[in-house]
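Peer 1: Okay, handing you the structure first.
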Amino acid sequence: MTQQHDDAATRRQILRAAGLAVVGGVVAVSARAQEKIEQSQVQYQPTPKDGAKCSTCVNFEAPAACKIVSGKISPDGWCIAYAPKE
């Protein structure tokens, strides 16, 4: 009977460890998802392009930031991630 109790505790420990590993993985993925893209990777420029500019993009955060691009962002800037507000 002692053997069954030891096995149950071992299974419980394994399941608990597996659950913690899954939670840890989700937290790590969430942290990576919040990292912003470098300006050079999206061809950011501090001037508009064909009338499109950051201040009219859904990702722009006034006064000088972007939800997805790192660094200081000019309201008159532009990048390939530009998505106009509706």
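The values are calculated or read from the model by the stated rules, or taken from the named source; none is laboratory data. Please read all numbers here as calculations on a predicted model, not as lab measurements. Backbone-built Cβ (ideal geometry, glycine too); neighbour counts: all protein chains shown. The accessibility values were calculated without ligands, DNA or RNA, using every heavy atom of the protein model including side chains. Shrake-Rupley method; radii C 1.70, N 1.55, O 1.52, S 1.80 Å.
Peer 1: Within the set of pairs 6 or more residues apart or between chains, which connect a residue that is without any contact (Cβ under 8 Å) to a residue 40 or more places away in the chain inside segment 52-77 to a residue that is among the charged types (D, E, K, R) and part of a strand (DSSP E or B) with Cβ atoms less than 7 Å apart?
Peer 2: Here the result reads LYS67/GLU61, each pair linking segment 52-77 to a residue that is among the charged types (D, E, K, R) and part of a strand (DSSP E or B).
Peer 1: Right, another one. Name every residue in segment 73-84 that is in a loop (DSSP other than H, G, I, E, B) and either closer than 20 Å to GLN34 by Cα or open to solvent by 60 Å² or more (accessible area, probe 1.4 Å) (or both), in order of residue number.
Peer 2: ILE73, ASP76, CYS79, ILE80, ALA81, TYR82, ALA83
Peer 1: Out of the residues in segment 38-52 that are among the polar types (S, T, N, Q) and over 20 Å from the mean Cα position of the chain (by Cα), state the one that is least open to solvent (accessible area, probe 1.4 Å).
Peer 2: Only one residue tops the list, namely GLN45.
Peer 1: In segment 58-72, how many residues are farther than 16 Å from GLU35 by Cβ, open to solvent by less than 70 Å² (accessible area, probe 1.4 Å) and in a loop (DSSP other than H, G, I, E, B)?
Peer 2: So the answer is 2.
Peer 1: As an exercise: evaluate SER55 against (1) small (Gly, Ala, Ser); (2) open to solvent by 60 Å² or more (accessible area, probe 1.4 Å); (3) at pLDDT 95 or above and give the number of the one condition it does not meet.
Peer 2: (2)
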